[in-house]
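K.L.:
This is the structure I want to talk about, given as structure tokens.
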Amino acid sequence: MQVLNFGSMNIDTVFSVSHAASAGESLSVPDPEIHAGGKGLNQSIAAARAGAEVFHAGRVGGDGAFLLDLLRCNGIDVSCVVPDSSLRSGGAIIQVEPEGRNTMLIYGGANRRLDEGQIGSTLSRFGSGDILMLQNETNLTQTILCRAAEKGMYTIYNPSPITTEIFTMPYERVDLLIVNEDEAAALAGGSFVPQETLLRLHQLCPNTIVFTLGQRGSCAFFRDETYFQEIFPVNAVDTTGAGDTFAGYIAAALARGEDLPAALRTASAASAIAVTKHGAAVSIPTLSEVEAFLKSRNAQAASRHVPHAGS
Ligand code: RIB
């Protein structure tokens, strides 16, 4: 089963700050670090490091050759990426606080210049049973999702970051929705109240939903059952890309036929390792690192199955 990720590739300019600058405040900071990033690129790298056969599709500007090199170095097929030297690549300005929390400005650049021709020619190479991964940093996400679903691809959508576009997606065509608390609350139209938000989201997306709940772990809701996975406690230095690591690991686990509870456990361990390192793509562990970590943390991070009333 192949994984096609139609997603963003960003140049991340990362500032280490004592606290995120607020309105009207000027902060003097050390020189920034430049990293490869973008939710799409990070998720592709995570899926590839987790062992999946990954194809990345998207658009990159004249300044983005190193983004393609990094994808290639991770064994990812980039023949569906269109390089356009007349454009600037997408990017993010990221402030990282000492305890790892981040604040971002994201600009779309080449990521938002996808066109119907590229979507048609890319999807013609994939078919029923292949996996499509999609986030919300490119244009034409609705077109990509619908065309992939029509072909019988298994669709995974991560509505991140939150923009008005996420409210008009045809969620009935999403096979697996991966959301954090803010995304879940936005889609459910209120603040995050676990059971209530879950039920509202399930009305919107009747298939599988995975929630990432920060310090409270993650949970999967499918076939009227809920599975919880606690976090693996670590010292976080930078949470950038942790959600992408999680999503890529989930996709790879499903591609190799693992069930969702097992996928949640591997993905939680992978994102726990990622937050102990700086940067987004560079912090994503390989499957063997994750397996070694899981062995060393065997007794930690319980998972539990909660059958629903009446089931
Ligand atoms: O999820 C982390 C990513 O979000 C960063 O790499 C940044 O580029 C933004 O897309």
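K.L.:
Looking at residue 58, is it out of contact with any Pro (no Cβ under 9 Å at 6 or more places or on another chain) and crowded, with 22+ Cβ neighbours inside 10 Å?
P.N.:
yes
K.L.:
I've got another one for you. Keeping to the range 152-161, report how many residues are surrounded by 16 or more Cβ atoms within 10 Å (Cβ to Cβ) and free of Cβ contacts under 8 Å to residues at least 40 places away in the same chain.
P.N.:
3
K.L.:
Let me ask another. Give the range 104-123 a look and list any residue that's within 13 Å of the ligand (Cβ to nearest atom), of a type outside the set (Ser, Thr, Tyr), closer than 21 Å to residue 84 by Cβ and outside any helix (DSSP H, G or I), or say none.
P.N.:
Hits for the range 104-123 are 106, 108.
K.L.:
Tally the residues that are closer than 11 Å to residue 179 by Cβ, over 19 Å from the mean Cα position of the chain (by Cα) and among the β-branched types (Val, Ile, Thr), restricting the search to the range 204-231.
P.N.:
Qualifying residue count, the range 204-231: 0.
K.L.:
Under 6 Å between Cβ atoms, which residue pairs at least 6 apart in sequence (or on different chains) link something in the range 210-227 that is free of Cβ contacts under 8 Å to residues at least 24 places away in the same chain with a partner that is assigned to a helix (DSSP H, G or I)?
P.N.:
From residues that are free of Cβ contacts under 8 Å to residues at least 24 places away in the same chain, the pairs are 221/198.
K.L.:
If only one of 264, 254, 294 is of a type in the set (A, V, I, L, M, F, W, C) and farther than 27 Å from residue 73 by Cβ, which one is it?
P.N.:
Just one listed residue meets the conditions, 264.
K.L.:
If I filter the range 284-311 down to residues being at pLDDT 95 or above and either in a loop (DSSP other than H, G, I, E, B) or in contact with a strand residue (DSSP E or B) (Cβ under 9 Å, 6 or more places away or on another chain) (or both), which single residue comes out as surrounded by the most Cβ atoms within 10 Å (Cβ to Cβ)?
P.N.:
By that ranking, first place goes to 284.
K.L.:
Further, regarding this structure: In this structure, does residue 44 turn out to be in contact with a His (Cβ under 7 Å, 6 or more places away or on another chain) and of a type in the set (Ser, Thr, Tyr)?
P.N.:
Criteria met by residue 44.
K.L.:
Mind checking which pairs have a first residue in the range 32-54 that is closer than 13 Å to residue 91 by Cβ and without any contact (Cβ under 8 Å) to a residue 40 or more places away in the chain and a second that is among the hydrophobic types (A, V, I, L, M, F, W, C) and within 11 Å of the ligand (Cβ to nearest atom), Cβ under 7 Å, 6 or more apart or different chains?
P.N.:
32/14; 34/11
K.L.:
Continuing with this model, one more query. Mind listing whichever residues of the range 22-52 are aliphatic (A, V, I, L, M) and either within 19 Å of residue 113 (Cβ to Cβ) or surrounded by 14 or more Cβ atoms within 10 Å (Cβ to Cβ) (or both)?
P.N.:
Across the range 22-52, the qualifying residues are 36, 41, 45, 46, 47, 48, 50, 52.
K.L.:
Right, next: Which of (1) within 16 Å of the ligand (Cβ to nearest atom); (2) exposed (fewer than 15 other Cβ atoms within 10 Å of the Cβ) is the odd one out, the single condition residue 138 does not satisfy?
P.N.:
(2)
K.L.:
Looking at (1) within 16 Å of the ligand (Cβ to nearest atom); (2) buried (at least 20 other Cβ atoms within 10 Å of the Cβ), find the lone condition where residue 176 falls short.
P.N.:
(1)
K.L.:
Taking the criterion of being at pLDDT below 90 and not in a helix (DSSP H, G or I), would at least one residue in the range 235-245 satisfy it?
P.N.:
no
K.L.:
Within the range 246-303, can you find the residues that are β-branched (Val, Ile, Thr) and closer than 20 Å to residue 236 by Cα?
P.N.:
The answer is 266, 273, 275, 276, 282, 284, 286, 290.
K.L.:
Residues that are farther than 24 Å from residue 162 by Cα, among the hydrophobic types (A, V, I, L, M, F, W, C) and more than 14 Å from the ligand (Cβ to nearest atom), at least 1 per element: which strands (runs of 3 or more DSSP E) completely within the range 13-103 meet that?
P.N.:
Here the list reads 54-61, 77-84.
K.L.:
While we're on this one: Which ranges mark the helices (runs of 4 or more DSSP H) fully within the range 124-204 that have 3 or more residues being touching a helix residue (DSSP H, G or I) at 6+ places or on another chain (Cβ under 7 Å) and at pLDDT 95 or above?
P.N.:
Result: 141-150, 181-188.
The values are calculated or read from the model by the stated rules, or taken from the named source; none is laboratory data. Being a predicted model, the structure only gives us computed values, none of them experimental. Note that we place each Cβ from the backbone using ideal geometry, even for glycine, and neighbour counts take in every protein chain shown.
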